[in-house]
Amino acid sequence: MAYKIGIDFGTTNTVISYIKDGIPEVFKYPANDPSYYIPSVVSKDKKYIGVQAWDEIYVSAMKMFLPLSNEELSQNNWNGEYAPEEYIQTFFEKLLKKEHNDSFESTIGEISDIILCVPQVWSNDVSHLGREKMKKIFTRLGYNVSRIVSEPIAAAAYFVNWHKVKFQNDFSGNLLVCDMGGGTFDVTLCRVDSSGKIESIKNEGNGTTITGKGFAGVYFDETLIKNSFRRIHNTEISEDEFMPLYINLQTIKVRTTTKVKGYFTVAETQRSQEDRDKTEIYRAHPLVFTYQDVVSSFEKIGDEIGNVLKKVYSPGMNINAYFLTGGFNQFYLCSKEIIGFFDDIQSEAKKYDASVDSSIAGKSISFGASLIANGLVNIDEKFPHSFGVISYRMNRNEHGSIEGLSKEYTRLIEGGKNLNNYLDYSYSKQTYSIADPKKFKGEFYVDINGDESQRLEFTFKNFTIPNPNIPGNKWSVGLKIDLSQIVHVVFKDSHGDITEHQLNDILKFQDKLISE
């Protein structure tokens, strides 16, 4: 039997799911490990994977470094011996390929299709380079990735299925998914119709592809350790001292998740501010993390949670339910901040989180992806940006002489529409001549989130065009967006021949498209 699987490749942990007898199941690696989390780390030297890599010197947050160029990796202290995609390919090769012990194919079965999940904030990255690199990694491994979906949409797919099973009725209405993981906080407003189809309406997020430490779990852990060490030792922590404490803290947090709320209750009932601040919340030898340490380390995260929710919510907006998913969203202060926001706006939306069902915390994204992969839930995602082609028109005077060129913008992709609208190429009505096909320059523009005031212009290279040497030949330009939100560009000539490219295979050109 061949399986269609869902993969939630997280900043901190990865979860892989498949469907068995119509129900999502989680893949455990190694097979005898009681946990379904697979740490998303690979060692630099021996390329150990997951739990084993904790004992080695490892490259952290490799996923969030994926969209960066070589120059950006250097600027942001990437300390890997190889590029991030090489580590990621090794990571998934050992997890999935039949040749490796305890892998999915050696223990569960052959893989026929994959749905990958990425942060919603990656959709705001115009280049979508992270999505393209992820897809190419799995292509090199020999797997088909039919779709890359945003993590909150995958979580919404799980929620719709879970709600039907748990309560024996269909959820319909407006669902707000709040996904807080290791690297990002993403919020997506979805509309679920009576048939169970999920349509994304509005998306916001906070995260960074530069460091992977946008105000979320990784940022909190690092800040907490640095603040606590500084308080105790009155000096900054060194890198050698930091890593063992960071690894130890991950273990401590897993063990004490359900107890943290009680520790905060104890702190908040203390009579004096001094006693409250000194109350112990976590202990990761040799550090003790106090109430003051934890609250001060969370402060910026709390502010950003409020900022993101305010961008999604409009006064009078009807939200029927909000769904808290992602590992860090189960942290007491995170859920308290989100619940407080809904209390402040006097919303009657019903809350769903890990207190209702423990699988919501970590499995919902990969479970949702496996449901989508197997056609058990239908989704519609929107592409946020508007794309078009830049060309130049010859200006002639009354005597027919050329008096320069004027720039023209032709929009081919209208931002904010469902992806299904752009699965086929949208072509320019105008055909263009090229003065020197050997020095061809292609120029495109994008309006961020469809806003012309946020227009960026791009020039690309490595672009081939069909039949460049045929005299009098002309070309039209087409753009399309696939279900993974990857932009494709095509040039079609007068004879109907075409060349196709992915957006990030195109970097620079030296001539212009010209029409008369």
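The values are calculated or read from the model by the stated rules, or taken from the named source; none is laboratory data. Everything numeric here is computed off the predicted structure, so don't read it as measured data. With ideal geometry, Cβ positions are generated from the backbone for all residues, glycine too; neighbour counts draw on all protein chains shown. Only protein heavy atoms, including side chains, enter the accessible area calculation; ligands, DNA and RNA are left aside. Shrake-Rupley method; radii C 1.70, N 1.55, O 1.52, S 1.80 Å.
So the values come out like this:
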item: Packing rank of 308-314, 481-487, where each peptide gets the mean count of other beta carbons within 10 Å, highest leading; result: 481-487, 308-314
item: All lysines inside 16 Å of residue 94 as judged from Cα atoms, apart from same-chain residues fewer than 8 positions distant; result: 28, 44, 46, 47
item: Selection from 188, 169, 470 lying farthest towards where the dipole of the chain points positive, charges on Cβ; result: 169
item: Degrees between helix 217-233 axis and first principal axis of the chain (Cα, 0 to 90, nearest 10); result: 50
item: Over 27 Å (Cα to Cα) - which of 63/382; 63/164; 164/202 fall in this group; result: 63/164
item: Amide H partners (placed H, <5 Å) of residue 432, local residues excluded; result: 475, 476
item: The range 111-168 and the range 33-95: distance between their alpha carbon centers, rounded to Å; result: 20
item: Between the range 260-317 and the range 401-419, the Cα center-to-center distance that results, in Å; result: 50
item: Counting DSSP beta bridges with both ends in the chain, the antiparallel % (nearest 5); result: 75
item: Options [x] 80, 51, 44; [y] 90, 55, 55; [z] 59, 52, 52 - which one matches Cα extents along the principal axes in Å as calculated here; result: [y]
item: Loop trypsin sites (Lys or Arg not before Pro), the range 386-475, which have at most 11 other Cβ atoms in a 10 Å radius of their Cβ (DSSP); result: 429
item: Cα centre as origin, Lys/Arg/Asp/Glu Cβ charges: the chain dipole, Debye; result: 480
item: 54, 162, ranked by accessible area, largest first (probe 1.4 Å); result: 54, 162
item: Residues of type lysines that residue 441 reaches as a straight line, Cα spacing below 23 Å, ignoring anything fewer than 8 places off in the same chain; result: 407, 429, 461, 474, 480, 492, 508, 512
item: Entries of 278/336; 133/417; 226/350; 133/311 with Cα pairs more than 32 Å apart; result: 226/350
item: Computed [θ] at 222 nm, helices only, for the chain once each DSSP H run of length n ≥ 4 contributes -39500 (n - 2.57); result: -9000 deg cm²/dmol
